Every structure is written in structure tokens, then in C-alpha cells.
Amino acid sequence: MAELIDGKRISTMIKDECKQKVEEYKAQGIEICLAVIQVGNDPASSVYVNNKKKACAYVGMNSLSYELPEETTQEELLSLIQELNERKDVNGILVQLPVPAHIDEKTIINAIDPKKDVDGFHPQSVGSLCIGQPGFVSCTPAGIIQLLKRSDIDITGKHCVVIGRSNIVGKPMALLMLRENATVTIAHSKTKDLKAITRQADILIVAIGKPKFIDASYIKDGAVVIDVGIHRNADNKLCGDVDFDSAKEVASYITPVPGGVGPMTIAMLMKNCVDSISLQ
Ligand code: NAP
């Protein structure tokens, strides 16, 4: 029976460390401010944006909130980003994704000053991660590294299989595990015989976006299983990409959904905002 990796506890620890650093900066007369932009009123995005504002308040950071109407043009959004790029009192800029279809996501991500790119999505941030230079790292994969390290799970030399190759989870996750000296395999929808590959993993990180897709038959005895997926089932209950009840019988450690990877994303956003001071 697997031991639970407690994302709630670890994320609170990280937020409390951020709180401490924010106080230290305040004592030196330095305030940290995150600007959050939402275009349109997608209910899920509104929940995420509110949680980010609440986390800023918890750690003692300032937050600026821009709730723009759905019909905002790309030019208007770009001009707001430009203004925030230039403001000395703004340290981090985050545009809540997805943006409406008439706005090009890549153009928006590219417009954010890489020194304020606390989401870690700018090509310069991704490039820096790739070649081992300082820069912001995408919050969800960075949070997973913290979950592993703070649960005393050794990464060096382990075979890590990452399922999923998205720009925000799978790819940065694989790069981070490589940086931690794991031997990394990336699987995706075109991978042949997925099960034969996942059964070799000492650490299996699942970011497929399909509810309960990975059950015990995909998992080697004693493997560590990290579930990135978030879904709501017909009974309005949350579940992940991993079939938790079956997987927990073979894994040595496992993240639950909710309470695993989910809370880490915002905690790492707070950490990126605090770290922005030294990068700037
Ligand atoms: P995504 O962009 O949809 O990417 C899914 C990846 O899974 C793709 O690379 C896809 O392969 C691969 N895939 C799909 N079906 C597969 C299959 N049958 N076998 C092997 N690989 C398969 O999703 P994402 O943004 O990375 O997110 C993944 C999950 O994590 C979602 O449930 C999302 O809600 C969740 N998420 C959670 C957090 C958090 O804070 N906890 C943050 C971000 C995302 P191809 O590239 O070949 O299409």
C-alpha cells in the first residue's frame, strides 16, 4: 500500500517560506507585486485567478487584477502587457490561459518581459531551463520536483517516465527530471506499447488529461506515481489521470487528487514571484 505524498502540507510549507521572505524584503523596503490579467469570464479561470489573488494576500504580496471583457482586442491586451512590463512596481505578470480564440496565445506569452514571466512560459524561460541557465520554471513541474524532494524521494539515476509532452507540463517536467539526474523517457499519444514503457519507470509522472487512464497494470511494483491530471466526474468529484484505488496497491508513493500536485502550482507561482526580485 502506497504512502501518500501530501501536496497540501508541502504547498503550505512553501507558501510559509515565501511569507517569511516577503517580510524580509519588506524590512529592506522592497514590496513584491503580481499583476494578473483575465480576458473574458470563463468560470474555471475566475476560480484560478481568485486563488492566485488569495495566495498573494496570504504571503503578503501585492496583487493587481485586470478583468478584461471577452471582446478585448489583441492590441489592447498587448498594450496593457507593455505598460506592466515598464512599471517598476510590478514584478510578475500572468495572463490567465486560455485567452479567447481571437487572441493568439503565443503572441501574448512572447510579449511578457522574460524577467517578469512568473508562469515560466516565455520561450526565453524555456530555453534557459533547457541549457541550465537561471530563469523562471513552469509552476506545476517545478512543484512536482518539490513534492519528490520534500518527501525524501531520491531522483538521481532513477528511470523517470513522463506521459505527456505539453509545453506547460510534460516537456518542462522531463527537462527538470533530467536536471535532477534521472534517466528520462517521454511518452505521448503516438507511443507504441505504452504499458511496456511505463512498467519500467521508477518514477511515473502522468499528465495525459484522461480520467483514471493509468491503473495498476501500467505501474511497476514499488514505483513512485505522480498524478498531474484534474477532472470532475459525473458526481462532481475530483479525480486524476491515475486510477488511484488500483495504483495505490502497487506504488510505493502516490499523489492523491485532490491534495497532491494541484496545490503546488500556486505555491510555486508565489515562489517564482519572490525569486523575481533576485532575477530582476
Ligand atoms: P495536454 O496539453 O492535453 O497534453 C496531454 C498530453 O498527453 C499530450 O502530450 C498527449 O500526446 C498525451 N496523451 C494523450 N493521450 C495519450 C495516450 N493515450 N497515451 C499517451 N499519451 C497521451 O494536457 P496538459 O496541459 O499537459 O495537462 C495534462 C493534465 O494535467 C490535464 O488533466 C490537466 O487538467 C492537468 N493539469 C493540472 C495542473 C495542476 O495544477 N495540477 C496544471 C496543468 C495541467 P500528444 O502530444 O501526442 O497529443
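Bear in mind these aren't lab numbers, they're just calculated from the coordinates by the rules spelled out. Owing to the predicted nature of the structure, the values given are computational and were not obtained by experimental measurement. With ideal geometry, Cβ positions are generated from the backbone for all residues, glycine too; neighbour counts draw on all protein chains shown.
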What is the fewest-to-most order of Lys149, Lys19 by other Cβ atoms lying within 10 Å of their Cβ? Lys149, Lys19
Cut-off is 10 Å between beta-carbons; in what order do Asp227, Asp16, Asp245 appear when sorted fewest neighbours first? Asp245, Asp16, Asp227
With the dipole of the chain defined by +1 on each Lys or Arg Cβ and -1 on each Asp or Glu Cβ, the option from Cys18, Met270, Thr185 whose Cα lies farthest towards the positive pole is Thr185
If we count other beta carbons within 10 Å of each Cβ, what is the order of Ser138, Ser246, fewest first? Ser246, Ser138
Just how far, in whole angstrom, is region 124-159 from region 85-117 if you go by their alpha carbon centroids? 22 Å
Please give the charge dipole size of region 87-128, origin at the Cα centre, charges +1 on K and R Cβ atoms and -1 on D and E Cβ atoms. Round to the nearest 20 debye. 160 debye
Quick one: work out the % antiparallel among DSSP beta bridges in the chain, nearest 5. 5 percent
